[in-house]
């Protein structure tokens with residue numbers, strides 16, 4: 001059995017070799033280093049590179065399983081994978097902790113007025129009268145109720161927040177006080193002061209949020225996007241922020257990435273931006289390797305993939 | 001029975017009158033508005049003003065109970081109160097939620113590099129490579145294990161942190177994985193990457209932290225003070241930060257308040273400062289009034305004070 005990784009995995013490489021002494025592992029720094037012979041003969045592929053497109057899959061004649069070392073699989077050539085019945089697993093869950101930490105960094109940065117107090121510090125102003133809003137009792141609405149929003153909702157509840165979640169059919173999910181179908185979202189927005197997008201990118205979620213969505217949010221709304229930037233067109237979001245349909249936004253993802261310095265978002269005074277970094281963590285490779293090892297052990301026992309199998313019809 | 005408040009309480013005034021129709025309430029905007037007659041005749045005092053000193057207490061011949069509308073009672077004239085057996089209650093617990101929110105605002109501001117990413121935003125730099133540290137698995141050490149650190153420790157544990165607490169004799173407290181006596185603190189510091197002071201100001205805690213304390217902390221330490229500024233002399237703290245005995249500090253309280261623009265803290269690049277605002281909340285008066293009402297009902301039933309009674313010998 002031949003396993004090819006299109007990235008170097010540091011000390012995880014030795015761990016894999018030692019865990020599976022009868023499996024051949026090859027690690028390449030980048031897809032461009034991959035020899036044609038390996039491409040043709042590999043059984044299993046570990047990667048997170050956009051170079052893995054339909055023509056790449058066509059050439060990988062023996063490929064049976066693709067382990068995607070990230071969560072969002074939206075760049076993968078679904079048709080080519082489906083046609084060959086190539087199974088896909090991802091690193092879903094690995095990023096839940098980091099994304100949750102960023103989500104609360106954003107919320108508390110806003111509610112505790114950290115930028116305003118830092119301005120005071122830089123101006124050597126001691127303003128003892130500042131009274132900040134509490135997040136206790138606030139209602140937070142998550143678009144999505146998967147692994148990441150579940151972890152975030154758990155923390156939100158301990159902070160004393162009310163948690164609402166939107167998913168395909170409104171099914172109940174642990175950690176959410178109330179859940180509703182995504183299709184009913186415009187009737188739900190007004191209940192929340194914080195709206196968080198954590199949806200994966202699929203055909204259904206691309207440009208899901210329209211001007212009419214932001215019109216229905218209450219004007220105090222803090223909008224946070226740590227899911228995928230394509231959930232809303234940049235110009236729709238810029239307009240909603242410019243016209244104060246919502247109070248403020250914290251964004252980590254964008255319709256067009258990498259964001260260029262010409263983005264209209266940079267001109268707004270009610271947006272805080274990070275550079276698609278909320279999933280970055282030192283431990284990601286280790287945790288994703290945990291998932292891979294768990295699956296490979298099961299495959300070698302002829303029990304098939306057991307963890308984080310992606311449904312290629314749903315796209316997540 | 002005559003109750004005097006040295007502050008206006010908004011809609012809580014009507015609430016008090018309606019809850020206790022047989023009690024006379026007087027509300028003054030500031031101690032300077034208080035008539036001599038009321039000072040002499042009041043049975044119960046509600047205040048948080050420093051004007052309540054020994055001579056004030058001497059003139060309040062009928063005073064039996066002082067409800068302090070804040071938590072830290074360190075400015076009160078303890079000897080004068082003890083001599084007359086005047087009981088003191090405070091608003092302890094009211095501020096636990098706000099202080100906890102600020103504590104995590106500080107921690108996440110640091111760990112998620114919010115100031116650095118904001119600089120990038122202002123410079124229109126898209127830096128997708130930034131990888132931030134996670135708070136999961138980090139050890140946080142609290143000086144103090146009272147209501148506020150208990151609430152904070154509860155959140156810390158849900159975030160996946162290990163919680164250590166220091167108190168007088170090291171007794172176990174819910175929410176803390178380990179507790180130790182304050183006297184053994186220099187042997188404990190190195191276990192933690194985050195050290196948080198939440199101690200009240202007493203004779204024992206005034207200038208408790210010396211240079212030797214900071215010397216024993218590990219150099220990655222994030223030091224946070226949301227307790228009282230007098231736990232450490234400003235020059236000791238400035239030196240520890242300047243010499244990088246610790247990595248960084250987030251401070252809300254100071255040896256000398258209000259802080260002047262001449263403080264050496266303003267010259268450091270590894271300190272983030274707020275202006276003793278972590279306890280400020282819109283709901284404080286309501287919550288403190290809850291405590292007062294609870295106690296007054298008990299007093300009128302001849303059952304004495306039942307909540308938040310301050311031990312004038314301990315000073316908290």
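Since every read-out is calculated from the coordinates, none of them should be taken as a lab result. Everything quoted here is computed from the prediction, not taken from an experiment. Methodologically, a virtual Cβ is constructed for each residue, glycine included, from the backbone with ideal geometry; neighbour enumeration extends over all protein chains shown.
Annotation for residue A:184 and residue A:256: the two label points, set 7 Å from Cα along the Cα-Cβ direction, are 3.8 nm apart. Size descriptor for region A:187-316, Kirkwood hydrodynamic radius: 16.8 Å (Cα pairs only, one decimal).
Reducing region B:126-171 and region B:95-121 to their Cα centroids gives an inter-centroid distance of 13 Å. With respect to the axis relating copies B and A by rotation, the chain B residue whose beta carbon is closest, plus that distance in Å, is B:158, 2. Between 0 and 90 degrees, the angle of helix B:284-300 with respect to the longest Cα principal axis of chain B falls at about 40 degrees.
Placing a label point 7 Å from Cα along the Cα-to-Cβ axis, residue B:280 is separated from the same position in the other copies by 3.4 nm, shortest listed first. Our estimate of slack between residue A:300 and residue A:20, defined as 0.36 nm per intervening residue step minus the Cα-Cα distance, is 99.8 nm. Between residue B:174 and residue A:215, the simple spin-label model (points 7 angstrom out along Cα→Cβ) gives 5.0 nm. In the assembly of identical copies, residue A:77 has its label point, taken 7 Å from Cα in the direction of the beta carbon, separated from the corresponding points by 8.6 nm (ascending, one decimal). Computed on the Cα trace of region A:275-315, the radius of gyration divided by the Kirkwood hydrodynamic radius gives Rg/Rh = 1.11. Here, region B:1-88 is characterised by an Rg to Rh ratio of 0.94, where Rg is the alpha-carbon radius of gyration and Rh the Kirkwood radius. Extension gain, residue B:11 to residue B:247, is 80.4 nm, computed as 0.36 nm per intervening residue step minus the present C-alpha separation.
Antiparallel beta bridges, as assigned by DSSP with both residues in the protein assembly as shown, represent about 5 percent of the total such bridges.
The relative contact order of chain B comes to 14 percent, based on Cα pairs under 8 Å that sit 6 or more residues apart.
Measuring how big region A:58-118 is from its alpha-carbon positions, Rg and Dmax come out at 19.2, 59 Å. Expressed as a fraction of 2.2 N^0.38 Å, the value expected for a compact globular protein of N residues, the C-alpha radius of gyration of chain A is 1.11.
Helix B:96-111 and the longest principal axis of the Cα set of chain B meet at an angle near 10°.
From the label point of residue A:17, set 7 Å from Cα along Cα→Cβ, how far away are the matching label points in the other copies, in nm, ordered shortest to longest? Output for residue A:17: 8.4 nm, nearest copy listed first. Pairs of Cα atoms nearer than 8 Å and 6+ residues apart set the relative contact order; for region B:144-220 it is 25 percent. Computed with the Debye formula from one identical point scatterer per Cα of region B:85-182, without solvent, the log10 of I(q)/I(0) at q = 0.12, 0.25 Å⁻¹ comes to -0.52, -1.25. With a Förster radius of 60 Å applied to the beta-carbon distance between residue A:33 and residue B:204, the computed FRET efficiency rounds to 0.40.
Computed over the alpha carbons of the protein assembly as shown, Rg followed by Dmax gives 28.7, 99 Å. Sorted on the mean count of surrounding Cβ atoms within 10 Å across their residues, most packed first, peptides A:240-251, A:210-221 read A:240-251, A:210-221.
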